[in-house]
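K.L.:
Okay, here's the structure, questions in a sec.
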Amino acid sequence: MFSFLFPKKNLLEGGVLFGMTDVHSHLLPGVDDGIQSWDEARKAVAWLESVGVKRMFLTPHVMEEWENTASSLQARFAEWKTRIASPIEFQLAAEYMLDAAFARHRQEGLLTFDGQQVLVETSYFAPPMDLEDVLYELQTDGYQPILAHAERYMYMEETDYERLRDCGIRFQLNLMSLAGTYGRLPYKKAIRLLEEEAYSYAGSDIHRQSTYETSLRHLYLKKKHQEPLLRLLENNAQLWRGSRAKLTGIARDSRENP
Ligand SMILES: [Fe+2]
């Protein structure tokens, strides 16, 4: 992992992706609004490999709009492992919309990062009426909710973020927010939350390689914002290690208790 960036270089040239663990991506083809074909997936993976990405969680949307379930995504991921050859390591998690279908998905069992931490999102424009109840219930069931791209919710005010943080909800930053790709407000919120060290993780949320690549080529970060970003990327790597340890433990348990 690099120890510093170059302020006059964009994030891509500065090597920010080198050695990166990405916690948010939509590469699994044909299951949501992300990558649609195996060919497109192969090209995106080859590019990510060329810029130094080492590990990626695949986090397809699970929401009313698409008919994904934990088991259908696991089947698709099994196919991924036979069709995508890359030195990048991949693991499956998911991005759960807190909508009317969420209770059903919970009953089936959630796709988490490490058996505990789970990526969730809401509509960008309005929260579900029972947002805090749903998050609280997740926590009491032993889950650690991570709010995906926390800066993108137009309805959230500073006090909302404070309240969620006080309740123990973790936040994930989209790198493209720092490039202004989603507009002025998400950019300003991302900078503020980064300065407040409110985030736990950073991800690409890549849906198309071209959009992500263009965005990173326009992303220049001041030195004071580079340090907190590097800490998030280290957290990503730790999350991966925790996840691998959990998987290894499960494999060992199933051998010992067939
Ligand atoms: Fe996403």
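K.L.:
So if I place +1 on the C-beta of Lys and Arg and -1 on the C-beta of Asp and Glu, and nothing else carries charge, what would the dipole magnitude of the chain be about its Cα centre? I want it in debye, nearest 20.
P.N.:
Approximately 1280 debye in magnitude.
K.L.:
Also, quick follow-up: On full extension of the chain, what length is gained from Q238 through Q116, given 0.36 nm per residue of separation minus the C-alpha to C-alpha distance?
P.N.:
Result: 42.5 nm gained on full extension.
K.L.:
What does the charge dipole of region 66-200 about its Cα centre add up to, to the nearest 20 debye, if the Cβ of each Lys and Arg holds +1 and the Cβ of each Asp and Glu holds -1? Walk me through the numbers on the way to the answer.
P.N.:
Numbers: 13 positive and 22 negative charges, 117 e Å.
With Lys and Arg at +1 and Asp and Glu at -1, about 560 debye.
K.L.:
Quick one: how many lysine pairs does the chain have with C-alpha atoms less than 22 Å apart and a gap of 8 or more or different chains? Give me the count, please.
P.N.:
Lysine pair count for the chain: 20.
K.L.:
Given a 1.4 Å probe and heavy atoms of the protein chains only, how would you sort S25, S50, largest accessible area at the top?
P.N.:
Of S25, S50, the descending order of accessible area is S50, S25.
K.L.:
Between D130 and L247, what FRET efficiency comes out of the Förster formula 1/(1 + (r/R0)^6) with R0 = 35 Å and r the beta carbon distance, rounded to 0.05?
P.N.:
0.60
K.L.:
Still on this model: With a ≥ b ≥ c the root eigenvalues of the C-alpha gyration tensor of region 128-258, is it rounded (a/c under 1.5), prolate (a/b larger than b/c) or oblate?
P.N.:
oblate
K.L.:
Run the numbers on region 123-258 and let me know its relative contact order in percent, using alpha-carbon pairs under 8 Å that are six or more apart.
P.N.:
Values: 125 pairs, mean separation 26.6, N = 136.
Normalised by residue count, the contact order of region 123-258 is 20 percent.
K.L.:
Please compute the modelled spin-label separation between F18 and K224, points set 7 Å along Cα→Cβ, answer in nm with one decimal.
P.N.:
Distance between label points: 2.7 nm.
K.L.:
If you don't mind, another one. With a cut-off of 8 Å between alpha carbons and a minimum separation of six or more residues, what is the relative contact order of region 1-105 in percent?
P.N.:
Here the relative contact order equals 27 percent.
K.L.:
May I ask which residue of Q226, L111, F171 lies farthest towards the positive end of the charge dipole of the chain, with charges of +1 (Lys, Arg) and -1 (Asp, Glu) on Cβ and the Cα centre as origin?
P.N.:
Value computed over the given set: Q226.
The values are calculated or read from the model by the stated rules, or taken from the named source; none is laboratory data. Note that the structure is predicted; figures quoted are calculated from it, not measured. Here Cβ is always computed from backbone atoms with ideal geometry, including for glycine, and neighbour counts include all displayed protein chains. Side chains are part of the model used for accessible areas, which takes the heavy atoms of the whole protein and leaves out ligands, DNA and RNA. Shrake-Rupley method; radii C 1.70, N 1.55, O 1.52, S 1.80 Å.
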